[in-house]
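See structure below.
The values are calculated or read from the model by the stated rules, or taken from the named source; none is laboratory data. The structure presented is a predicted model; accordingly, all values stated were derived computationally and were not measured. Because the Cβ atoms are built from the backbone with ideal geometry, glycine has one as well, and the counts that use them run over all protein chains shown. Quick note on the areas: whole protein, heavy atoms, side chains included, nothing else; ligands and nucleic acids left out. Shrake-Rupley method; radii C 1.70, N 1.55, O 1.52, S 1.80 Å.
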Amino acid sequence: MVQLGMISAAEQEEALAEHIEPQARTEAFQQAPYFVAEIIKYFKNKYPNGMEMLYSSGLTIQTTLDLYMQKSAENALEQGLAKVNPEINGALVAVDPKNGYIKAMVGGRNWQRSQYNRTLAKTQPGSAFKPFLYTAAIDSGYTAASTIFCEPVTYRQQGAEPYTPKDHKVGYHYRPFILKQALAVSDNVISVRLADAIGPGAIIRYARAMGIESPLRPYLSLALGTSEVTPLEMAVGFGPLANQGIRTKPLYIIKVTDSAGGVLEEHRPQLAKVIDEKVVYIVTDMLKAAVQPGGTAAQLSWMVSRPVAGKTGTTEDYTNAWFVGYSPDLVASVYVGYDDKKKRVGLTGGDIAAPIWGQFMEEALRGPRLQTL
């Protein structure tokens, strides 16, 4: 510019001496960055010129995201985790059970520090997986009042050490439980004995039908959530319990139109009836007990002002904490854990994940419904 006479030598020196402060984040990722990243990935993978289409062809993309719910989810996760430890991380994802629309997706505390989307990362869900076991059991003839005794029991396993399940803190209760009570207090021994009675294969069949796609290992410990799944899968998997037994496929995009208004893509809800409504009613009633006094997430009884149901999850050695729950309008899954799996959360799902879930649900379900990205 100096050579062309557009600026003087003095102006050149002044410009060179000026301190330049880089922007902290890209404008396009200021809202729902983890969700937006999935949209970009979708176009990049589907179309040969996907990136060009996104940035220079004037597309209009109607997504399923609700910006009000998204903000509520971001606030709830950050405020809940800020009370514990600055290095701890987590995820929150919410899905409309009636149509599969992903309404909120928070894949971590800080997009700028880590683009790793934890809503799509596999990890053990602990006891949050038990509703799949209990759904299978109720549908096979058990009732909420069926009784199983909690006492020491050991199972021989081919090619492995004998397996002896124990309950959190107490080891064994040495008393009978009806299944509704056992699920509310998350009794492990009862769950494994129930899994032995119906078989791990039955648990896998119901989990698959309800929306879990990750590999599931056919061991009795599966009932305690020892196979890895994603938070999004768990939200989808609980969907049939919130939607009269109907499963919906998760959706990110509703419609894509080009600059001339032509429709390039349009996605409609994909529905499938997978559970009898009577079974759904019974399991939901059992899961309501978990969020009432005496349950593992009793604090939700005063945090959330409308009827909800759900299940806590705490993995062995307190490495992960979960809460997955629902109302008829929304299913949400909360995961808390360290990216370094050697570190322990040190808290149960009821201690940390359930309060985050409760804050999100209370705010999300009372807000406006028409804000979309």
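General remarks:
Here is a yes/no grid of residues against (1) surrounded by fewer than 16 Cβ atoms within 10 Å (Cβ to Cβ); (2) not in a loop (DSSP other than H, G, I, E, B):
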residue: Ala144; (1), (2): no, no
residue: Val153; (1), (2): yes, no
residue: Glu161; (1), (2): yes, yes
residue: Pro165; (1), (2): no, no
residue: Ser191; (1), (2): no, yes
residue: Asp196; (1), (2): yes, yes
residue: Ile203; (1), (2): no, yes
residue: Leu241; (1), (2): no, yes
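- Residue count for the range 55-76, restricted to those that are surrounded by 13 or more Cβ atoms within 10 Å (Cβ to Cβ) and either over 21 Å from Tyr101 (Cβ atoms) or out of contact with any strand residue (DSSP E or B) (no Cβ under 8 Å at 6 or more places or on another chain) (or both): 3
- Residues satisfying the stated conditions in the range 127-171, i.e. in contact with a strand residue (DSSP E or B) (Cβ under 6 Å, 6 or more places away or on another chain) and farther than 25 Å from Phe323 by Cβ: Ala145, Thr147, Phe149, Thr154, Tyr155, Arg156, Gln157, Pro162, Tyr163
- Candidate set from the range 169-189 (those that are crowded, with 16+ Cβ neighbours inside 10 Å and not hydrophobic (A, V, I, L, M, F, W, C)); member that is nearest to Thr135 (Cα to Cα): Lys180
- Residue within the range 122-134 that is among the aliphatic types (A, V, I, L, M), within 20 Å of the chain's Cα centre (by Cα), buried (at least 21 other Cβ atoms within 10 Å of the Cβ) and within 30 Å of Gly201 (Cβ to Cβ) present: yes
- Filter result (closer than 26 Å to Thr63 by Cα and free of Cβ contacts under 8 Å to residues at least 24 places away in the same chain) within the range 240-287: Ala260, Gly261, Gly262, Val263, Glu265, Glu266, His267, Arg268
- Subset of the range 205-239 (residues that are of a type in the set (Phe, Trp, Tyr) and open to solvent by 30 Å² or more (accessible area, probe 1.4 Å)): Tyr206, Tyr219
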